[in-house]
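J.: Structure incoming, see below.
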Amino acid sequence: MPALDEVFPSSEKRHCTRHLVTNLSAACGSSARVKELFWEAARVTTVSEFQVAMRSLSDYNKPSYDWLVDKPYYHWSRSHF
């Protein structure tokens, strides 16, 4: 990210959600259900749907939610683009 900021200072940056879910799995030992909940949060198009999806993830697996909530939503969630 620092290199991209240097080369493209005014461009918007986004994270690859496939890499993000892989890193989530590695960090928290995520189950298939956690991955489904992640993809639901990543794909929804409104902020209210995103909040519901994130609440579902938090209720199901708090460590995964805590890990994910540290990542800026506008980098990986369609609802925040």
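The values are calculated or read from the model by the stated rules, or taken from the named source; none is laboratory data. Since we're looking at a predicted model, the values are computed, not measured. The area values use the complete protein model at the heavy-atom level, side chains included, leaving out ligands, DNA and RNA. Shrake-Rupley method; radii C 1.70, N 1.55, O 1.52, S 1.80 Å.
J.: Compute the long axis of helix 47-60 from its Cα atoms, compare it with the longest principal axis of the Cα atoms of the chain, and write down the angle in degrees, 0 to 90, nearest 10.
T.: 50
J.: Still on this model: For n ≥ 4 DSSP H runs only, could you compute -39500 (n - 2.57) per run for the chain, divide by its residues and tell me the 222 nm figure to the nearest 500? List each step's numbers first, then the result.
T.: Details: 5 runs with 52 residues, N = 81.
So the calculated ellipticity at 222 nm is -19000 deg cm²/dmol.
J.: Helix 32-43 versus the longest principal axis of the chain: what is the Cα-based angle in degrees, 0 to 90, to the nearest 10?
T.: Taking the Cα atoms of the chain, the angle to 32-43 is about 50 degrees.
J.: Just by accessible area at a 1.4 angstrom probe, what is the order of Val21, Val52, Val69 from largest to smallest? Intermediate values should be presented prior to the final figure.
T.: Details: Val21 15, Val52 75, Val69 55 Å².
Descending order: Val52, Val69, Val21.
J.: How far is helix 17-28 tilted off the main Cα axis of the chain, in degrees rounded to 10, range 0 to 90?
T.: Result, in degrees: 50.
J.: Something else: Give the Cα extents of the chain along the principal axes, in whole Å, largest first.
T.: 40, 28, 17 Å, listed from the longest principal axis down.
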